[in-house]
Amino acid sequence: MSAGESIKLYPATSKQAVEASFVPNGKISPVVRRSVEPVGPFFLAHARRQRHGRTFSEDERLEKKDEKKEEVKEESEDEEEDPSMLQADPKDWKQQDHYAVLGLSKYRYKATLEQIKKAHLKKVLKHHPDKKAATGNINDDSFFKCIQKANEILTDATKRRQYDSVDENAEVEAPESTTEENFFELWAPVFDAEARFSKKQPVPGLGTIESSRPDVEKFYNFWYNFDSWRTFEYLDKDIPDDGESRDNKRYQEKKNRSERQKNKARDNARLRQLVDTALASDPRIKLFKQQEKAAKEARKWERDAGAREAAAAAQKKKEEEERIAAEEASAKAAASAQNKKAKEDKKKAQKRDKKIVKNALKDFNYFSETDVPSPTQVDTVLKDTDALMPKLGDGELASLAADITAQKDSGAAAVKGVFDKYAKMFIERGSLNPSEVVFFGK
């Protein structure tokens, strides 16, 4: 195309033609107003913007600034290097703490690959042989080799896994003793550290004192059936690679396998003992046992309700029978005492009445017409009195004594009249033979 020529364009399609060629395939739904709320990190960002009165761009800018500050702070928090570690022999790389060499002691198995790379770069820049050569240490590259070995181990997933399996500095010692108050505080870090070896993830947490029984049982069942990926290849003895003796090489490999199995068995036993110790001191287990005992006693109480009611009824019946028997015995004793008293009172009354009768005879000189009665008169009156006395029925002795007392003031004739009345009454009744009396009743 030469300069000045115009470009030929196809004529524009008219609006009518476009509308005519449009074929609708569906209908647009009506507009609906809905309230959409942010969730997760978006909700946190929304809340942060609302709280501080920020716009989207302002909040994003400030957050990135804070992230950079955290990175700078992390970089400034370099671990202090142990002088003995700086003098370590690279040949003893299996004995060195790779995380400490890179300044990642506080992270250890939790360190990310990005953190490892950054830490390696900082250590290389600080301890590179070229940098030390400038200060006169030409052959001082021992620690640099340690750094390189640590980076080699920790950036290789398999080698790092083998090293983490035997990293004693990452282990948390189990507490020797605990109380209900500090059990979870002391044991939670122990199980968190051991959880990193589990093939099954996520690992159930220790929980709290409020954890349900199913959750606690799930936790201990998991640890009693713990499936660990922990290996012990890192502790293998080096196999000579000189090609001189294949038998020695096979022997060393066999010995390493055997030692790994032993280490695995020892570790399983250690973990089992650790779980046993935690279970024995877990306050929730004691609580569950108490609840189970209470529930068992409650079930037994409900199960024995019929027998208990029967026993209570039998006891009540027995007590009722004993009460009735006691009442009857008491009533009988009272009646007996009353009868005894009545008899005693009767005897006393009879004795008193007999005394009244006999005193009446004495008081009136045995009804003698002379001042001194003759023995015959006395004997006759006493014999008649003795004949009358046994014939007296119930109450008649008392009546006789009462009549005598009533007539006492009237004189001897009146009193004798009383005796005569009773003698005649007994003769008429037939209980007294007329021949039995001589003086009375004539």
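Below, the figures for the structure above:
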quantity	calculated
The chain: calculated mean residue ellipticity at 222 nm from DSSP helix runs of at least 4, using -39500 (n - 2.57)	-21000 deg cm²/dmol
Accessible surface of region 183-287, 1.4 Å probe, proportion on carbon and sulfur as whole %	49
Highest-fluctuation residue, 374, 21, 198 considered, GNM on the chain with Cα pairs under 10 Å	21
15 Å beta-carbon shell around residue 321, net charge (K/R +1, D/E -1)	-1
Å² per residue, accessible surface of region 249-308 at 1.4 Å	75
Sites matching trypsin sites (Lys or Arg not before Pro) across region 201-258 that sit in DSSP coil, with at most 14 neighbouring C-beta atoms within 10 Å	237
Probe 1.4 Å, accessible area per residue of region 348-429, Å²	59
Value of relative contact order over region 175-285, rounded to a whole percent, pairs C-alpha under 8 Å and six or more apart	31
Answer label for log10 I(q)/I(0) by the Debye sum over Cα atoms at q = 0.06, 0.08, 0.11, 0.14 Å⁻¹ (calculated), chosen among (1) -0.65, -0.88, -1.11, -1.33; (2) -0.25, -0.45, -0.88, -1.38; (3) -0.35, -0.59, -1.01, -1.40	(1)
Apportionment of accessible area to carbon and sulfur, region 291-442, percent (1.4 Å)	53
Surface share of carbon and sulfur [accessible, 1.4 angstrom probe, percent] for region 78-167	51
Cβ-based net charge around residue 303, under 14 Å, with every Lys or Arg adding one and every Asp or Glu removing one	0
Max mean-square fluctuation residue, GNM over the chain, Cα-Cα springs under 10 Å, options 33, 196, 308	33
Max mean-square fluctuation residue, GNM over the chain, Cα-Cα springs under 10 Å, options 219, 43, 197	43
Accessible area per residue in Å² at 1.4 Å probe, computed on region 167-213	62
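The values are calculated or read from the model by the stated rules, or taken from the named source; none is laboratory data. Keep in mind it's a predicted model, so treat the numbers as computed, not measured. All Cβ positions, even for glycine, are placed from backbone atoms using ideal geometry, and neighbour counts span all protein chains on display. Accessible surface is based on the protein model in full, side chains and every heavy atom, while ligands, DNA and RNA are left aside. Shrake-Rupley method; radii C 1.70, N 1.55, O 1.52, S 1.80 Å.
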